[in-house]
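Beneath this line is the structure, given in structure tokens, with notes to follow.
The values are calculated or read from the model by the stated rules, or taken from the named source; none is laboratory data. Keep in mind that this is a model prediction, so the values were computed, not measured. Don't worry about glycine lacking a Cβ; one is built from the backbone with ideal geometry, like all the others, and counts go over all protein chains shown. Just so you know, the surface numbers come from the protein's heavy atoms only, side chains and all, with ligands and any DNA or RNA stripped out. Shrake-Rupley method; radii C 1.70, N 1.55, O 1.52, S 1.80 Å.
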Amino acid sequence: MTVESYATGLRCIECGATYPLAYRLECDKCPGLLELTYDLDELGRRGPAVFDGPGLWRYGAVLPIARPEHRVTLGEGQSPLLDCPRLATLLGVKRLLIKFDGSNPTGTVKDRSSTTAVAAALQFGYRVTSVVSSGNAGSSIAAYSTRAGLRSLIFVYERASAPKMLHIGAAATDLIIYKGVYDDLIGHWDRLVEEKAFFDCGASRNAFKQEGKKTLAYEIWEQNGFRAPDVIVAPVAVGETFIATSRGFRELAQLGWIDKAPLMVAAQATRANAISRAWRDGAPLKPLKIGYTVAEGLASGNPGKKGEWTLRLLRQNGGIAGDAEDEEILEAQKILARTEGIWAGPTGVATLAVLGRLLAKKQVDPARTICVIISETGLKTEAEVPSRQGTAFDYDSLRALVHSRLAQ
Ligand SMILES: *Cc1c(COP(=O)(O)O)cnc(C)c1O
Ligand SMILES: [Zn+2]
């Protein structure tokens, strides 16, 4: 059975102007971004039983795609929510949950927004998609576009890891490698969006794309026994994941299905920390010239209007922002693998590194239930293998080795 969509239209986040459900990126009356609206009264009356079926489209009621044939899927969503007692003990936290989004079809949280972006491209009759990417969005949009039978123009950063490049090369119809950081190209590319050369699968404006990531909130709530954790730590590049997750919990509160939305923590890499810096200084958002960070997916120095929206949500709702150095991020990657067996990429564990810092600074209460979004598998990382020196065994030498190891 297909879950019916309760989407009703679009609303400007600045002036409140409303628009019918059509492809539109900004308000006519002011420069504000748009967000989707739903018939939450009706949905509230129906209750959570409207959610049905597997994967991300289980939450089709709160997504803006009406027709089942537009709901392109590769099996995204329903990623595990893992109780992590060993890591909790190490961090001195009462209860630690990890939402591991590395289990998505292309290994990252991006699949949640790619599925709704490409579905929207189909819904609005587009034949071509495009995105500018440091790697993850590119491979994800390429995979979903191909799955939907659409052409995809994928612009990818020259320093993207080899696994990401290989993946895009295989799945995209057109892979174009660019020089310079993401921010340098995005301004020109956004102008081509205006010309309607292709469907906008970028993170800066498209409300339909962003909406897919909202399912993080619905899944965490459902998997946690229909309760919201006290604290959510979300990764932030331009803020799409953060905004969408906040929106999801806000809707759940409006629906009366949770008492209170969780405290939201925005996690950035120190080398791309425009939002956390502005939050800390109580200052307006100022674009930064950035270089390389191991958290490749967080490398945005100019998060634009979404960045401003993220900052506003942090300030309005009493959220917290923080950032972590590359060395701390790589250390968090090892700790997560060693304590809980979860292998995540550097972009994916920046949240954990930031939580470590905020706990040390006593900005987050360790007596709370804390949920950390780990947004990327480690299997897309490019790194030097430490050593490939092997040993040849016969039975006796093998037995001697096993017993000596077990005696330790
Ligand atoms: C893109 C990305 C993010 C977050 O980016 P936002 O634009 O802020 O949503 C987080 N983790 C990974 C792995 C990503 O690829
Ligand atoms: Zn407006």
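Taking every residue in segment 269-294 that is of a type outside the set (S, T, Y) and pairing it with any residue that is open to solvent by 60 Å² or more (accessible area, probe 1.4 Å) and part of a helix (DSSP H, G or I), at least 6 positions away or on another chain, the pairs with Cβ-Cβ distances below 8 Å are W279/R315; A283/R277; L285/E308; K286/R277; L288/R277; I290/R271; G291/R271; V294/L330.
Considering only residues in segment 259-277 that are of a type in the set (S, T, N, Q) and more than 15 Å from the chain's Cα centre (by Cα), the one that is most open to solvent (accessible area, probe 1.4 Å) turns out to be T270. Summed over segment 186-208, the residues that are part of a loop (DSSP other than H, G, I, E, B) and either more than 17 Å from the chain's Cα centre (by Cα) or not charged (D, E, K, R) (or both) give a count of 9.
The residue pairs whose first member lies in segment 318-329 and is closer than 20 Å to I232 by Cα, whose second member is among the aromatic types (F, W, Y) and modelled with pLDDT of 95 or more, and whose beta carbons are closer than 7 Å, counting only pairs six or more residues apart or on different chains, are A321/W279. For segment 278-292, state whether one or more residues are closer than 26 Å to A383 by Cβ, open to solvent by less than 30 Å² (accessible area, probe 1.4 Å) and away from ligand 2 (no atom under 16 Å from the Cβ). Yes: segment 278-292 contains one or more residues that are closer than 26 Å to A383 by Cβ, open to solvent by less than 30 Å² (accessible area, probe 1.4 Å) and away from ligand 2 (no atom under 16 Å from the Cβ). Restricting R357, R338, R312 to those that are surrounded by fewer than 21 Cβ atoms within 10 Å (Cβ to Cβ) and within 16 Å of ligand 1 (Cβ to nearest atom) reduces the list to R312.
Quick one: which residue in E251, E222, E240 is of a type in the set (D, E), within 12 Å of ligand 1 (Cβ to nearest atom) and either without any contact (Cβ under 8 Å) to a residue 12 or more places away in the chain or surrounded by 17 or more Cβ atoms within 10 Å (Cβ to Cβ) (or both)? Sole residue among the options that is of a type in the set (D, E), within 12 Å of ligand 1 (Cβ to nearest atom) and either without any contact (Cβ under 8 Å) to a residue 12 or more places away in the chain or surrounded by 17 or more Cβ atoms within 10 Å (Cβ to Cβ) (or both): E240.
Check whether at least one residue in segment 379-397 is open to solvent by less than 70 Å² (accessible area, probe 1.4 Å) and either touching a helix residue (DSSP H, G or I) at 6+ places or on another chain (Cβ under 7 Å) or touching a residue at least 40 places away in the same chain (Cβ under 8 Å) (or both), and report yes or no. Yes.
Being under 19 Å from the mean Cα position of the chain (by Cα), assigned to a strand (DSSP E or B) and within 26 Å of S114 (Cβ to Cβ) is not true of A237.
Annotation: of all residues in segment 31-52 being in a loop (DSSP other than H, G, I, E, B) and open to solvent by less than 30 Å² (accessible area, probe 1.4 Å), the one that is farthest from D200 (Cα to Cα) is G47. Quick check: is even one residue across segment 335-344 touching a helix residue (DSSP H, G or I) at 6+ places or on another chain (Cβ under 8 Å), modelled with pLDDT of 95 or more and among the basic types (K, R)? For segment 335-344, residues touching a helix residue (DSSP H, G or I) at 6+ places or on another chain (Cβ under 8 Å), modelled with pLDDT of 95 or more and among the basic types (K, R): absent. The set of residues in segment 182-197 that are of a type in the set (D, E, K, R) and open to solvent by less than 40 Å² (accessible area, probe 1.4 Å) comprises D183, D190.
Summed over segment 13-23, the residues that are touching a helix residue (DSSP H, G or I) at 6+ places or on another chain (Cβ under 8 Å) and within 12 Å of ligand 2 (Cβ to nearest atom) give a count of 1.
Conditions (1) free of Cβ contacts under 8 Å to residues at least 12 places away in the same chain; (2) touching a Cys at 6+ places or on another chain (Cβ under 9 Å); (3) within 11 Å of ligand 2 (Cβ to nearest atom), marked per residue:
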residue	(1), (2), (3)
L25	no, no, no
G32	no, yes, yes
L36	no, no, no
D39	no, no, no
G44	no, no, no
G47	yes, no, no
F51	no, no, no
G55	no, no, no
R58	no, no, no
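To keep it simple, each residue is scored yes or no on (1) at pLDDT below 95; (2) open to solvent by 30 Å² or more (accessible area, probe 1.4 Å).
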site: N104; (1), (2): no, no
site: D111; (1), (2): no, no
site: A148; (1), (2): no, no
site: S161; (1), (2): yes, no
site: T173; (1), (2): no, yes
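Considering segment 10-23, the residues that are in a loop (DSSP other than H, G, I, E, B) and touching a residue at least 24 places away in the same chain (Cβ under 8 Å) include one that is nearest to ligand 1 (Cβ to nearest atom), namely I13.
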